[in-house]
Amino acid sequence: LESLKMTGHPIDKVELRIIGGTWSYYKPDYQKWFVAECFKAANKFGKNPSSDSQRENLKLLQKRNEKAKAKIIGITIETRPDYIDLKEIKSLRKLGVTRVEIGAQSIYDEVLKITKREHTIEQTIQATKLLKNAGFKVAYQIMPNLPGSGFMKDIVMFKKLFNNQDFKPDLLKIYPLALIKQTHLYKLYKKGYFKPYSKDKLTKLLIEIKKNIPYWCRVERIIRE
């Protein structure tokens with residue numbers, strides 16, 4: 001918050017993103033502690049920091065934040081679709097989460113099986129339904145160029161994302177495959193099972209993909225850094 005303020009950014013409204021790994025995998029006590037510490041930091045911004053390390057009730061911290069100089073107006077977590085059920089929905093609501101980013105990767109079961117994602121497209125559909133019905137914004141991470149897919153198949157996938165009522169994410173991250181040595185996908189590549197798109201082909205694909213993205217869907221990122 002201090003760094004943002006020093007570089008000229010307003011910090012009266014904070015959109016907090018907790019990134020890295022599968023949030024739902026962490027133990028509930030750790031989740032509560034982490035989010036509580038974030039609210040505590042926002043509540044104490046601009047004040048003399050307390051020297052004690054006593055834990056404070058999350059619900060009370062959330063209430064105090066309504067009048068803080070730095071108000072947390074949204075919290076985003078990342079997780080897998082197969083971790084989303086009614087119990088997880090209730091837990092996320094209590095934490096104050098407002099947006100859930102799902103590592104969907106693909107809408108083709110055969111692609112998910114080849115890449116060993118260990119979840120199904122039905123689980124992505126169910127997770128999306130549960131989250132939307134509970135008032136969350138839903139973001140998808142989608143990966144073109146995975147083994148088992150192809151140029152036209154990827155284009156069709158992005159059309160289905162917004163033509164099929166089972167999906168329609170509010171936000172989207174497009175992550176074309178990045179091959180990393182010593183991984184399962186790299187071994188498939190070395191065996192000649194599939195070939196990554198050339199730069200020109202990937203550029204053409206991204207242009208076609210963006211033609212099918214409606215204005216109401218925000219594209220958060222294209223390609224990892």
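The values are calculated or read from the model by the stated rules, or taken from the named source; none is laboratory data. In this text the structure is predicted, and so the values were computed from the model without any measurement. Glycine also receives a Cβ, built like all others from the backbone with ideal geometry; neighbour counts cover every protein chain displayed. These accessible areas exclude ligands, DNA and RNA; they are computed on the full protein's heavy atoms, side chains included. Shrake-Rupley method; radii C 1.70, N 1.55, O 1.52, S 1.80 Å.
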*asked:* If you filter segment 92-134 for trypsin sites (Lys or Arg not before Pro), then keep DSSP loop positions with at most 13 other Cβ within 10 Å, what is left?
replied: 116
*Work out how much length residue 166 to residue 133 would gain on full extension: take 0.36 nm times their residue separation and subtract the Cα-Cα distance, in nm to one decimal.*
10.7 nm
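Report, to the nearest whole %, how much of the accessible area of segment 180-223 belongs to carbon and sulfur atoms, 1.4 Å probe, protein only. Before the final figure, lay out each step's value.
Values: 1960 of 3690 Å².
So the carbon and sulfur contribution to the accessible surface is 53 percent.
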*What ranking of 203, 128, 183 comes out by heavy-atom accessible area, probe 1.4 Å, highest first?*
203, 183, 128
*Working with all protein chains in place, sort 138, 14 by solvent-accessible area computed with a 1.4 Å probe, largest first.*
14, 138
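Which residues make up the longest stretch of the chain clear of chymotrypsin sites (Phe, Trp or Tyr not before Pro) that lie in a DSSP loop with no more than 10 other Cβ atoms within 10 Å, not counting the sites?
Numbers: sites that count: 215, 216.
Answer from the scan: 1-214.
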_Distance between modelled label sites at residue 2 and residue 204, nm, 7 Å Cα→Cβ extension_ = 5.3
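Give the relative contact order (percent, whole number) for the chain; include only Cα pairs under 8 Å separated by 6+ residues.
Details: 301 pairs, mean separation 35.9, N = 225.
Averaging sequence separation for qualifying contacts and normalising by length gives 16 percent for the chain.
For the chain, with every protein chain kept in place, what is the accessible area per residue (1.4 Å probe, Å²)? It would help to have the intermediate numbers written out before the result.
Values: 13950 Å² over 225 residues.
With the other protein chains kept in place, the chain gives 62 Å² per residue.
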_Where labels lie 7 Å past Cα in the beta-carbon direction, separation of residue 90 and residue 44 in nm_ = 3.2
*Sites matching GluC sites (Glu not before Pro) across segment 65-97 that sit in DSSP coil, with at most 14 neighbouring C-beta atoms within 10 Å*: 66
_Which one, 203, 33, 81, is farthest towards the positive end of the dipole of the chain when Lys and Arg carry +1 and Asp and Glu -1 on their Cβ?_
203
*asked:* Considering only protein heavy atoms and a probe of 1.4 Å, how much of the accessible area of segment 1-159 is carbon and sulfur, as a whole percent?
replied: 54
_Partner lysines for residue 181 [C-alpha distance under 19 Å; skip if fewer than 8 residues away on the same chain]_ = 116, 190, 191, 195
*Take the alpha-carbon centre of segment 99-142, take the same for segment 1-47, and report the distance between them in whole Å.*
25
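Suppose the chain between residue 191 and residue 222 were pulled fully straight at 0.36 nm per residue; how much longer would it get relative to their current alpha carbon spacing?
Numbers: separation 31, 0.36 × 31 = 11.16 nm, distance 2.80 nm.
Length gained, residue 191 through residue 222: 8.4 nm.
Given Cα pairs under 8 Å that are at least 6 residues apart, what percent is the relative contact order of segment 127-191? Show your work: numbers first, answer last.
On the way: 57 pairs, mean separation 24.9, N = 65.
Reported relative contact order: 38 percent.
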_Dipole magnitude of the chain, debye to nearest 20 (Cβ charges: Lys/Arg +1, Asp/Glu -1, about Cα centre)_ = 220
